[in-house]
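Worksheet: the structure to be examined is printed underneath.
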Amino acid sequence: MNFKLTFAAAVAVAMSGPVWATDAVKNPLTESPTWDDLRVDVVGDVALDDANDVLSFDAPYRAHDAATVPLVLTQTDAATRITGATVVVDENPAPVAAVFAFGESMGQLDFELRVRVNQYSNVRVIADTPDGFKMTGRFVKASGGCSAPATKDPAVALNSMGKMKLRTFETAAAQMSTPRREAQIMIRHPNYSGLQRDQVTQLFIPAHFIDHIEVWQGDDLLFTMDGGISISENPVFRFAYNDNGATALTVKASDTDGNSWEQVLPKTGES
């Protein structure tokens, strides 16, 4: 899919489609006045099947912190290859939060990220599979996430920008011939949305956010992300992957101000 992630293009408002989730889910997608307008900009004129047969998607019904809402993608059908996923927060000023591409070593997808939610909204994920695009989602009660003040002084945030940390975890399958492991990567960046105010001057802070990330183990690409303003401050990603024996993960990132970083993070715990 070729998605438009520029701030201007994403400002199109969103409207919900069919309710995919079952009655057992506490916060299924709801009807809303915008997804039909946004849908073509996100996926074009293609069919969107129900993703619940291949992917479980969890998000809180009422978010504890609208600026860091956890989203968990868990693949339930190991036979289906999920090559990518698009995360959309319908009612955010820039609804397309991120577009992910997944390498084969991600295996059966198990992935978590954190997003901002600006007002009560459907949060949906569109999975790219060999059988076409499949969608599921949750309705999240949260407000003010895109305009919430940054947690650090701007000078401090900019000084630490681009620093990365890796934590790795051995899973129960780690003793298999192809070890399955979990990792958590954090990248220091204020990810300014353009809607936050400087707490001293009360002027709006210009949008400045990470727009591209790549994560590799050796020459093996794990995943990429093209992101917008809806990704939380100091982005964190937790994911499982099939370990190919490389001793480190390499993370590459760039932002909208033209900065770029690359860091080799040893798989020895926290870096």
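The values are calculated or read from the model by the stated rules, or taken from the named source; none is laboratory data. A quick note: this is a predicted structure, and the numbers were derived from the prediction, not measured. Quick reminder, even Gly has a Cβ in these numbers, built from the backbone with ideal geometry, and neighbours come from all protein chains shown. When the accessible area is computed, the model is the full protein with side chains, heavy atoms only, and any ligands, DNA or RNA have been set aside. Shrake-Rupley method; radii C 1.70, N 1.55, O 1.52, S 1.80 Å.
Residues that are open to solvent by less than 40 Å² (accessible area, probe 1.4 Å), within 17 Å of the chain's Cα centre (by Cα), within 21 Å of Asn27 (Cα to Cα) and basic (Lys, Arg) occur in region 121-132; there is at least one. When restricted to residues that are over 18 Å from Arg39 (Cβ atoms) and either outside any strand (DSSP E or B) or in contact with a Lys or Arg (Cβ under 7 Å, 6 or more places away or on another chain) (or both), region 130-154 contains 16.
The rows are residues; the columns are (1) modelled with pLDDT of 95 or more; (2) crowded, with 17+ Cβ neighbours inside 10 Å; (3) under 30 Å from Ala150 (Cα atoms); (4) touching a Cys at 6+ places or on another chain (Cβ under 8 Å).
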{"position": "Ala9", "(1), (2), (3), (4)": "no, no, yes, no"}
{"position": "Pro18", "(1), (2), (3), (4)": "no, no, no, no"}
{"position": "Asp23", "(1), (2), (3), (4)": "no, no, no, no"}
{"position": "Trp35", "(1), (2), (3), (4)": "no, yes, yes, no"}
{"position": "Val54", "(1), (2), (3), (4)": "yes, yes, no, no"}
{"position": "Arg62", "(1), (2), (3), (4)": "yes, no, yes, no"}
{"position": "Arg81", "(1), (2), (3), (4)": "yes, yes, no, no"}
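Could you say whether any residue in region 101-112 is open to solvent by 40 Å² or more (accessible area, probe 1.4 Å) and in contact with a Pro (Cβ under 7 Å, 6 or more places away or on another chain)? Yes, that holds for at least one residue.
Screening Gly44 against (1) out of contact with any strand residue (DSSP E or B) (no Cβ under 8 Å at 6 or more places or on another chain); (2) surrounded by 15 or more Cβ atoms within 10 Å (Cβ to Cβ) leaves a single unmet condition, (2). Name the single residue, out of those in region 223-266 being over 11 Å from the mean Cα position of the chain (by Cα) and under 11 Å from Leu166 (Cα atoms), that is most open to solvent (accessible area, probe 1.4 Å). Going through the qualifying residues, I end up with Val264.
Within region 107-120, can one find any residue that is at pLDDT below 95, of a type outside the set (D, E, K, R) and assigned to a strand (DSSP E or B)? Looking for residues that are at pLDDT below 95, of a type outside the set (D, E, K, R) and assigned to a strand (DSSP E or B), one finds none in region 107-120, hence no.
Name the strands (runs of 3 or more DSSP E) wholly inside region 173-271 in which the number of residues that are among the small types (Gly, Ala, Ser) and touching a residue at least 40 places away in the same chain (Cβ under 8 Å) is 1 or more.
On the way: elements: 180-187, 210-217, 220-227, 236-242, 248-255, 260-266.
The qualifying strands (runs of 3 or more DSSP E) are 180-187, 220-227, 236-242, 248-255.
Looking at Leu29, Leu71, just one residue is of a type outside the set (S, T, N, Q), touching a residue at least 40 places away in the same chain (Cβ under 8 Å) and not in a loop (DSSP other than H, G, I, E, B), and that residue is Leu71.
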